[in-house]
Every structure is written in structure tokens, then in C-alpha cells.
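The numbers here are math on the coordinates, done by the rules we state, and not lab data. What you are looking at is a predicted structure, and each value in this text was computed from that prediction instead of being measured. Cβ placement follows ideal geometry from the backbone for every residue including glycine, while neighbour counts extend to all protein chains displayed.
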Amino acid sequence: MPPTEISQTRLYEWLTGDDDSRMCKDIPDSACEVQPRNFLRHLLASLGNKLADELSSARLVLPWLMGAIGAPLWMVGLLVPIREAGALLPQVFVAGFIRHQAQRKWTWVAGGLIQAVAALLLVALALLGQGGLGGSLVLVVLVALSLARGLSSIATKDVLGKTIAKQRRGILMGWSGSIAGGVTLAAGIVLMFFDDRPSELALAVLMGVAAFGWGLNALCAALIEEAPGAVEGGENAWDSVRQGLHLLREDPAFLRFNLARALLLSSALALPYIALLAQQRSGSNLGDLGLLIIISGLAGMLASPVWGKRADSSSRRVMRDAGLAAAICCTLAALAGGLPGAWTATPWPYALLYGLLVIAHAGVRLGRKTYVVDLADSDRRALYVALSNTLTGFLMLLVGGLVGVLAQWFGSAVLLGLLAACALAAALTAQGLPEVEA
């Protein structure tokens, strides 16, 4: 065995806490033999993707970009629904196409490259965009970026299920989240030194680093050793929809999972409103953005490995516990504005609650990703993932618009209270899911 392969195996065993790199479940022997180096390539690819996602976040960074170029305020409200729904809605229509590909990693590569190009366009808009036209172009680029993200998402999970064994997938996603959180933390520290200086150049640099992250994601995906799979049984888009709806009727665990996942949207929808509360207390300079990025990066770095390891034991319990944590964070944020004391007039309490909710949201993401991959068999995994994501994307558009109306009518505090109730209902729903890791 070459020295490089020995070192990769040892690193894999250290990262997973397992002294037997041949421990494999749910993947063929040929995939088991190359699992250590595939694990590391998945890790680097996920690192690039997570770093890019954080540095182009529709919850934090893109609103600052829209403000810097003078885009109308109503456009800012479209960022999160477009970012999330655009990535999720088309996936069931892509599932049939993916099924025809013997190697699904090339779909993943294409999605990563398109996202890299979109991020480079955002660099140009940060430097040159102005007013309503600049804001409109940002939204157009965000649509393309989100559609490419959806393309990569379904292919990534399918390749993950083919190349990484059960009870190793959560650890992989946890480590990638932790490393990306550390890099994001460093970016936030740098931003704090910009304080209230002009932000266009700094935001352009962030978008440039995001483009590099998606380029790294595509490169590592291309290097993954994926054995060709079966291509029979691929459907067109409408066949995929019909089969997916049939799965909801015949698999009660899948139906309940999607109900829990829909209710867990509350954690994602609450984050921008807590960030908005922090911004309202102190203004909108880059120092405040840096503070929130630091809190977000630190929270992700600490939380992801813990959630990931727990998800490999029981992703159902991770979803439940993350839902409970999100409910507590939303409740505290809803009450914080009414508490007496000068400390509530600073961004710090809201930044802390934002970080705690990021921890809960990391659990939501890791729990539901691990659950749906482990729930499905290899023949139907792509369809399970695609249908679940498409349903969630549709609900994100619907509920995202409703949330905006409620916030306008009743204020952020009342809205956060309603989202807390949804998160609690999600925890109760997840409690009734069957275990899938055994």
C-alpha cells in the first residue's frame, strides 16, 4: 500500500473514530475499498460548498450587498425564499434525469461550476451594480445560483449514498460543517476590522472566495471514485412526480418525515428576523455583519461534529432535539425586545440568540439530511431526496411570503412566537418517526 494511501486511511480512521476502515454498511465492496480517500474528497468538497454558502448567505451577506448598492428594500425580502425555494423546487424534475446517469458525480460537478460562475457575477455586481437595476440583476443571478445548488444537492446525496457507508455519513457532514465554520469565523474577524468603511470591495472579496469554494467543490466531486450504477427505470419529470406522490401514500415514515421537515422550516425563517433585530439596535455597518458571521461560524464549528455523530446513532432524535432548541431560541428572541435594561439596546443579546439558533439549525439540517439518505434504499434514494426537497421548496415560497406579511402586520416579536410554536410541533412530529440507522 502506497504511503499516501496509508496516511489517508489513518486520517479517515481518526476522523471517524473507527480503527477499521473496512467497516461498511449499505455500499458494495468496491466502494468500501476506496472509502477512506472518497471520505476525504467528500470532506473537501463539502468544505468548499459550505464556505461558499456562508459567504454568500441570503440571511446575512446578500442583504448587506443589496444595501451597499442601494437596491429597494422590498427586494431584500425576496432573497431567502429565492435562495431556498430555487434550490429545492425543481429537484423532483431532475430526479429522472439523474437516474439515467451511470455516474451521478458529473451532475454534481456541473452544479458546482455554475454556482462558481454565478458568484463571479455577484463580484461584478458588488463593484458595479446600482439601485433597482443592480438589485434586479442580483435576484436574477441568485435564481441561477439556487437552481444550480438544487442540481448539486440531489447528485451529492446520491453519490454520498453510493460511496460512504451508513453510520459514517453524519460524521462526514459534521466535520465539514465544523471546518467550514472555522474558516467562516476567520472571515468574520477580518470583516470586523472594516467596521463602517465602504463595503462594496469587501463584499466583492467575499463573493470571490465563494466562487473559489464552489470551484473546489466541483474539483473534488470530479475526483470521487464512483462506480457506475444502474440506469434502468429512469422516468421523465411527470413520471417522477407521480411516483413520488405514490411514495408519500405507501411509506408513512416518509410522509411523517416531510411533515416534520416542513415544520422545521421555522428555524431557517427565524434567522433573518433575529439578525434584523440586531441590525435595528446598532445600524448596518460591516462591523455588525462581521460580528454575526463570527457568531455563526463559531456556532457551526462547535455544533456540527456533535450533531453529526449523534445523527449516525439516531437522526430522528437529532431532528427532535434541534426542533426543541429552535423553539426555545425563537421564544427568547420574541421576548428579548420587551425586557428592561440597556443591554437590550445593543446587538449582543440578539447575536447570541442568533448563534444559538444557528446551532439548532445545524442540527435540523444534519438530522434531516442523514434521515432521508438512510431511510431510502439505493434504487429510490434520489427520488426520495428530490421529492422531499421539491415539497419543501414549494412550502418555502408559500410560507416565506406569508411570514413576510405577518411580520409587516404584527412585528418580528409576534412572528418569532409563531415560529417557536411551529418548531415545537416539528419536535413532536419527529419524535414519532421510526429509527432508520439500525
Separation in nanometres of the label points that stand 7 Å from Cα toward Cβ, at Leu276 and Leu128 | 3.2
What's the extension gain from Ala144 to Glu200 if we count 0.36 nm per residue and subtract their Cα-Cα distance?
-> 18.0 nm
Could you list which residues have their amide H under 5 Å from that of Gly129, counting only those 5 or more apart in sequence or on another chain, with H placed in the peptide plane?
-> none
Rounded to 0.05, the calculated FRET efficiency for the beta carbons of Arg249 and Ser313 at R₀ = 41 Å is 0.85
With a point put 7 Å past each Cα toward its Cβ, work out how far Leu335 is from Leu402 in nm, to one decimal.
-> 2.6
Quickly work out the Arg256-to-Leu223 label distance, labels modelled 7 Å from Cα along the C-beta direction, and quote it in nm with one decimal.
-> 4.2
